Amino acid sequence: MKLRAGCDITVEAPAPCPSIGMLRPRSGDAQWLAQESYLFEPHLASVEYADSFGNLCQRFVVPAGRLRIRVESVVHTQAEIAVDEAATRTPVAELPHDALQFLLPSRYCPSDRMVDKAQQVVAGALPGYPQVTAITQWIRDHIEYRYGVSDASTDAEGTLADGAGVCRDFAHIGISLCRALQIPARMVVGYLHQLDPMDLHAWFEAFVGGRWYTFDATQPGPRGGRIVLAYGRDAADVAFISNYGELETVEMTVWVEELPPDAAAAS
């Protein structure tokens, strides 16, 4: 399917604020970037680099006052995500080198302290994809989607204790429980077609059966129509804007719409 997605963000800083944006999708196995625009108002100098996960990062200094950042992309992506209940757990000795880092505990995913919980959640499920399915369903059944419960310091254990959170919190629990079972899992952020309410979104991927599969406990079942902006160990690696000084988000609008396959990009 062909999607046009973007965000329009206005930020305000009392003094020049060094910042890093992670707002550009890249082409890969699951998506192809057809066209994009990236606007700063007022215009400012920026440089781009790829981080250790391959994410495209834009480095700039927000001037004192307000800055508008408007990014829009046209992307070909999968209308349906892959599902394979027969995919088994990949033995650690056979994992690709770049998947090994996603077995380790991280800032928001203390998987080493959640082994007992993981075994309880997946009891009776076959190793591999069925275990991740069981984890995803358990989160849907036991964690309430609710704003205002978590903050920037809340990790997976905190969300379990609160019993509620938002998409990033759901993803942190899923990642932690997978890693506790020696299943590599990583955080993904981006866009989801027909997300309600519309916003930038977070979910997770697990490596089973020799490849990465998408899981999203905020949705009632597997859904395609996703545009990936970034991958990481947890939310600390995939912030849409990382600021190294005082910075306030004044306004943000996000949109995702499907285009006909032969439609031209938006003006």
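The values are calculated or read from the model by the stated rules, or taken from the named source; none is laboratory data. Keep in mind that this is a model prediction, so the values were computed, not measured. Heads up, the Cβs are rebuilt from the backbone with ideal geometry, glycines too, and the neighbour counts pull from every protein chain shown.
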Item to complete: Identify the residue in the stretch 79-130 that is without any contact (Cβ under 8 Å) to a residue 60 or more places away in the chain and among the β-branched types (V, I, T) and, among all such residues, is nearest to D141 (Cα to Cα).
Response: V121
Worksheet, complete the sentence: Residues of the stretch 214-231 being assigned to a strand (DSSP E or B) and either surrounded by fewer than 21 Cβ atoms within 10 Å (Cβ to Cβ) or among the hydrophobic types (A, V, I, L, M, F, W, C) (or both), in sequence order, are T214, F215, I227, V228, L229, A230
Worksheet item: Restricting the stretch 48-88 to residues that are in contact with a helix residue (DSSP H, G or I) (Cβ under 7 Å, 6 or more places away or on another chain) and not hydrophobic (A, V, I, L, M, F, W, C), which is surrounded by the fewest Cβ atoms within 10 Å (Cβ to Cβ)?
Response: E85
Worksheet item: Of all residues in the stretch 160-194 being free of Cβ contacts under 8 Å to residues at least 40 places away in the same chain and out of contact with any strand residue (DSSP E or B) (no Cβ under 8 Å at 6 or more places or on another chain), which is surrounded by the most Cβ atoms within 10 Å (Cβ to Cβ)?
Response: D169
Worksheet item: Out of the stretch 17-47, which residues are surrounded by fewer than 16 Cβ atoms within 10 Å (Cβ to Cβ) and of a type in the set (V, I, T)?
Response: V47
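Going by what's in this entry, would V74 be described as under 23 Å from S37 (Cα atoms) and not charged (D, E, K, R)?
Taking the combined requirement at face value, the residue satisfies it.
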Item to complete: Of the conditions (1) without any contact (Cβ under 8 Å) to a residue 60 or more places away in the chain; (2) under 18 Å from the mean Cα position of the chain (by Cα); (3) within 18 Å of R113 (Cα to Cα), E157 clears all except one; give me its number.
Response: (2)
Worksheet item: Looking at this structure, is R140 touching a helix residue (DSSP H, G or I) at 6+ places or on another chain (Cβ under 8 Å) and either closer than 25 Å to Y129 by Cβ or not assigned by TED's automatic domain parsing to the domain that holds V115 (or both)?
Response: no
